[in-house]
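Report on the following structure.
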Amino acid sequence: MSKKQRLPMDAYIRCIGQANAESLEKLYMKKPELVLTKKLDAYFVELYADKWKAEAKAETLLKILWKKFNKVPKKTEKAICKMTDPVALDSLAIHAATCQSLKEFAAEL
């Protein structure tokens, strides 16, 4: 196989031994600091980057709300934690910083 021809990632994963994609993914999620190979590392980072960004942004948004209002209703917290769009979470963080009440904030959820 020439350098220009590359295996699809799933085929690459199968070729690196008896490990399958699911077992490698579980290993990577348990120890993200483990670099299996540069290709696999890049694959998993690409696969989970948006999820990790959204989780970090949701955590920051909840911190903003806690700092500003000293409480966050469970319903609001659950709604924020379910969100997966980093851009939407950014918009909500800006809204959280400028809104006057939790009720006003919740109206944007």
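Residue selection: residue 72 fails the criterion of being surrounded by fewer than 12 Cβ atoms within 10 Å (Cβ to Cβ) and either modelled with pLDDT of 95 or more or of a type in the set (A, V, I, L, M) (or both).
Every residue in region 78-109 that is of a type in the set (Asp, Glu) and either crowded, with 16+ Cβ neighbours inside 10 Å or touching a residue at least 24 places away in the same chain (Cβ under 8 Å) (or both), please. Correct list: 85, 90.
Screening the candidates 53, 75 for the property of being among the charged types (D, E, K, R) and under 30 Å from residue 25 (Cβ atoms) yields one hit, 53.
The residue that is nearest to the chain's Cα centre (by Cα), among those in region 74-109 that are among the polar types (S, T, N, Q) and assigned to a helix (DSSP H, G or I), is 91. Evaluate the following for residue 31: is it basic (Lys, Arg) and modelled with pLDDT of 95 or more? In short, no.
The values are calculated or read from the model by the stated rules, or taken from the named source; none is laboratory data. It should be emphasised that the depicted structure is a prediction, and the values quoted were computed from it without experimental measurement. Neighbour counts are summed over all protein chains in view; Cβ atoms, including those assigned to glycine, are modelled from backbone coordinates with ideal geometry.
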